[in-house]
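The values are calculated or read from the model by the stated rules, or taken from the named source; none is laboratory data. Being a predicted model, the structure only gives us computed values, none of them experimental. Cβ placement follows ideal geometry from the backbone for every residue including glycine, while neighbour counts extend to all protein chains displayed. Remember, those area values only see protein heavy atoms, side chains included, never the ligands or the DNA or RNA. Shrake-Rupley method; radii C 1.70, N 1.55, O 1.52, S 1.80 Å.
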Amino acid sequence: MQTEMAGPEGTSLHLVIDSRTGMVRRASAPGTAYVEELSDLAFPETLPDDLFVQPHDDGSSDRAELLRWERIREHYRARPLPVPVASWPGPLGRPSPIDGDPGTGYLVVDLDTESSPGAPTAAQLVRQPLDEPPYLSGWATDPGHHLQRWRDGRWQWTLVRADNPLTVWQLERVREELASLR
């Protein structure tokens, strides 16, 4: 099966997918030097289950993580995500929760920033209860990313950006919009 996906800044990614396994057999970006191809791969009829778990892992931690993830996604299907739609300095695609705890309000959102000239690139927004230690997980541990932190009357917030931090004026607009969401 062949398919094409939109890439950044008007590029495209062409994929050839094996119909039996669902694996990508070839990926290329026309007009660039990027090409990856999987060849000479054979699959036995069945693979032993122990190839897919760590030794001494009964899989319960993976199941618990999957259930937690589904609980977060389900919670925010019925509620709006606290994202700075009007104040964000560029277009947003479909922001989505990637971590959190609906019971405490802790939430990590991928803002799904869309490519646009002068607009910020990849960003995550973290909301935490005021009494929790500052967020230092995921992207926030990458020394190449920029962290901007603030508190309002209910939450502490961390904005993690893959490129430059927001300007003082941009950040103030985001802070005001998020504070108005109740």
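Quick notes on this structure:
- Take the conditions (1) at pLDDT below 80; (2) surrounded by 12 or more Cβ atoms within 10 Å (Cβ to Cβ); Ser61 misses just one of them, which is (2).
- Hey, Pro91 open to solvent by 30 Å² or more (accessible area, probe 1.4 Å), under 22 Å from the mean Cα position of the chain (by Cα) and at pLDDT 85 or above or not: yes
- Residues in region 104-141 that are assigned to a loop (DSSP other than H, G, I, E, B) and at pLDDT 90 or above: Thr104, Gly105, Leu111, Leu130, Asp131, Glu132, Pro133, Pro134, Tyr135, Leu136, Ser137.
- Close pairs from region 156-182: first in contact (Cβ under 8 Å) with a residue 24 or more places away in the chain and under 18 Å from Tyr135 (Cβ atoms), partner open to solvent by less than 40 Å² (accessible area, probe 1.4 Å) and part of a helix (DSSP H, G or I), Cβ under 9 Å, at least 6 apart: Trp157/Val174; Trp157/Leu178; Thr158/Ala140; Leu159/Leu171; Leu159/Val174; Val160/Ala140; Leu166/Val174
- Residue check, Ala123 closer than 18 Å to Pro84 by Cα and of a type in the set (A, V, I, L, M): yes
- The residues of region 101-146 that are within 16 Å of the chain's Cα centre (by Cα), over 21 Å from Arg77 (Cα atoms) and of a type in the set (S, T, N, Q), listed by number, are Ser115, Thr121, Ser137, Thr141.
- Pairs, first at pLDDT below 75 in region 33-45, second charged (D, E, K, R), C-beta under 9 Å, six or more apart: Leu41/Asp18; Leu41/Arg25; Phe43/Arg20
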